[in-house]
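The values are calculated or read from the model by the stated rules, or taken from the named source; none is laboratory data. No experiment lies behind these values; they were computed from the predicted model shown. Every residue, glycine as well, gets a Cβ built from its backbone with ideal geometry; the counts of neighbours run over all protein chains shown.
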Amino acid sequence: MTGTYEHAIDAKGRLFIPAKLREELGSSFYLAVGAGPFLAIYPQATWDRFVERISQVPISQQTGAVRTLFANASKCEVDSQGRIVVPRKLREYASLEKDTVMLGVNDRAEIWSAETWKAQEEEAMTPEKMVAAMAALGL
């Protein structure tokens, strides 16, 4: 998945998912906390791989974070207007109040508050940091 999309959450917590992302995500997908101040959207196949990987870890080694992740994950289907409802707890986790930015990030999408994403992008998007990131990936 690729691209950047800006949309607002309405007063009922609904967020429009752009057609291109809906096409890549499929008819149902999972919304969960991200590994940072954002939400992650996983298409079914990616979610299944994620769950399989977690299930390989012995229960005694699974942390409270695993419980929190699964307890707050939400299976989503878009409504007739292309929207999903973002649960209140997830909106609070990612500080989503109104303006959001959705990003395509390889095999998932992310939802950021517009303000948080702007600060993140300004910090990360310099030629020097991009060269270092590419080098770290062996590219």
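Scan the range 74-85 and give yes if some residue there is buried (at least 17 other Cβ atoms within 10 Å of the Cβ), under 15 Å from the mean Cα position of the chain (by Cα) and either on the phi > 0 side of the Ramachandran plot or among the aromatic types (Phe, Trp, Tyr) (or both), otherwise no.
no
Could you pull out the residue among Glu123, Glu52, Glu115 that is acidic (Asp, Glu), loosely packed, with under 12 Cβ neighbours inside 10 Å and modelled with pLDDT of 85 or more?
Numbers: Glu123 fails: modelled with pLDDT of 85 or more; Glu115 fails: loosely packed, with under 12 Cβ neighbours inside 10 Å.
Criteria check complete, one pass: Glu52.
Out of the residues in the range 65-88 that are under 20 Å from Ile54 (Cβ atoms) and in a helix (DSSP H, G or I), which is modelled with the lowest pLDDT? Walk me through it before giving the result.
So in the range 65-88, the residues under 20 Å from Ile54 (Cβ atoms) come out as 65-76.
Narrowing further to those that are in a helix (DSSP H, G or I): 65-72.
Values: Ala65: 74, Val66: 81, Arg67: 82, Thr68: 83, Leu69: 85, Phe70: 88, Ala71: 89, Asn72: 89.
So the residue we want is Ala65.
How many residues are within 18 Å of Ala94 (Cα to Cα), outside any strand (DSSP E or B) and of a type outside the set (D, E, K, R) if we restrict to the range 1-36? Full working, then the answer.
We begin by selecting, within the range 1-36, every residue within 18 Å of Ala94 (Cα to Cα); these are 4-17, 30-36.
With outside any strand (DSSP E or B) added as a condition, the list becomes 10-13, 17, 34-36.
Of the ones still in play, those that are also of a type outside the set (D, E, K, R) are 11, 13, 17, 34-36.
The total comes to 6.
Does Thr100 satisfy the criteria of being within 15 Å of His7 (Cα to Cα), of a type in the set (Ser, Thr, Tyr) and part of a strand (DSSP E or B)? Walk me through it before giving the result.
Working: within 15 Å of His7 (Cα to Cα): yes; of a type in the set (Ser, Thr, Tyr): yes; part of a strand (DSSP E or B): yes.
So Thr100 passes the test.
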